[in-house]
Amino acid sequence: MRWLIDGYNVIRRDAELAGIDRRSLEEGRDALLRLLARVAHDSPDEFVVVFDGVRSTAVSPNVGRVQVVFSRPPEKADDVLVRLARQGGAGATVVTSDRSVQAAANRVHAAVVGAEAFLDRVAAPEAAAAEDDDDTPDRPEPKKGNPRRRSREERRSQRALDRLRPRRP
């Protein structure tokens, strides 16, 4: 599976990463890349982080299964994510909280994971696993069909998040 990560969106959804980012944009990117390198070490998946702007020399080089992509102006990172999701289709998981990118990824049957859910999983995988024991999602309004069955998009996202669980010997 290929994870397509909206770099700045994820950074700004985490208090610690956002604090580092406020001090220095490059330090914020490096902190996210270190986190992803740790996650990639325990996963067979490939991770692609997309940032807006031009690559600076201070950015860490691609490490293992973590690849860094910068959009080329006038193209935005969102455009790159949508294009990569279109290429990856059902084999891709897009990590972003941007609704337009989520909608575009859903249209091509890519899994969509919100930045907060991704950060919760990679920061504390044991706690997230315990929360997943409750299979009935909170819903503000009733839906048609089986009330206990999650939507196709929710199931696709959950399967993607489940891949991030730590491997046990």
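The values are calculated or read from the model by the stated rules, or taken from the named source; none is laboratory data. Treat the numbers as computed from the prediction; the structure is a model and nothing was measured. When we count neighbours, we look across all protein chains shown, and the Cβ atoms used for this are built from the backbone with ideal geometry, even at glycine.
Before moving on, here are some points about what is shown:
- Candidate set: region 1-48, residues that are in contact (Cβ under 8 Å) with a residue 60 or more places away in the chain and polar (S, T, N, Q); chosen: the one nearest to Arg159 (Cα to Cα): Ser43
- Hits in region 77-95 - residues which are surrounded by 14 or more Cβ atoms within 10 Å (Cβ to Cβ) and either over 13 Å from Ala160 (Cβ atoms) or without any contact (Cβ under 8 Å) to a residue 12 or more places away in the chain (or both): Ala77, Asp78, Asp79, Val80, Leu81, Val82, Arg83, Leu84, Arg86
- Qualifying residues in region 25-74 (those that are modelled with pLDDT of 90 or more and in a loop (DSSP other than H, G, I, E, B)) - the one surrounded by the fewest Cβ atoms within 10 Å (Cβ to Cβ): Asp45
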